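One structure is given below, encoded as structure tokens.
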Amino acid sequence: MKEHTLKVKAKDYFREKGYLSWMPPRVKWLKEQDIFGIWDGIAWRRNKFIFFQLTTISNKSARLKKIINFMMPSRLYITSPVKGWLMCYRKKTNQFEISEI
């Protein structure tokens, strides 16, 4: 599935749940647009922030490993009210499978 399609579906998901979401715009000459090199975007509602990484279900383990490798050496832990989500899209059910990190 194309990255653009996942981003559109994620924006729709967060809008339905009452969140305001933002993802860095694509810039032609930049290699990566991720926040801190791992997060695809951030969503906000009241006092709750969610950093999220979008992927397909087949790429879930690689993305999870990337996030853990980033967080562990720096002893960075996500605490409330900030959350980290790995959002894996399932084409069969047309829904996201969400793992909180």
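Every number in this text was worked out from the coordinates using simple rules, so none of it is lab data. Note that this is a predicted model, so its numbers are computed, not measured. Every residue, glycine among them, receives a Cβ derived from its backbone with ideal geometry; neighbour counts consider all protein chains shown.
Numerical summary
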| quantity | calculated |
| --- | --- |
| Cα-based Rg and Dmax for the chain, where Dmax is the largest Cα-Cα distance (Å) | 13.3, 37 |
| When each of K2/K91; K2/K83; K66/K92 is checked by Cα-Cα distance, pairs over 23 Å | K2/K83; K66/K92 |
| Label zone at K17, where the point sits 7 Å out along the Cα-to-Cβ direction: the stretch 31-53 residues whose backbone N lies under 13 Å | 41-46, 48-53 |
| Label-point separation in nm, W44 to V8, each point 7 Å along Cα→Cβ | 2.7 nm |
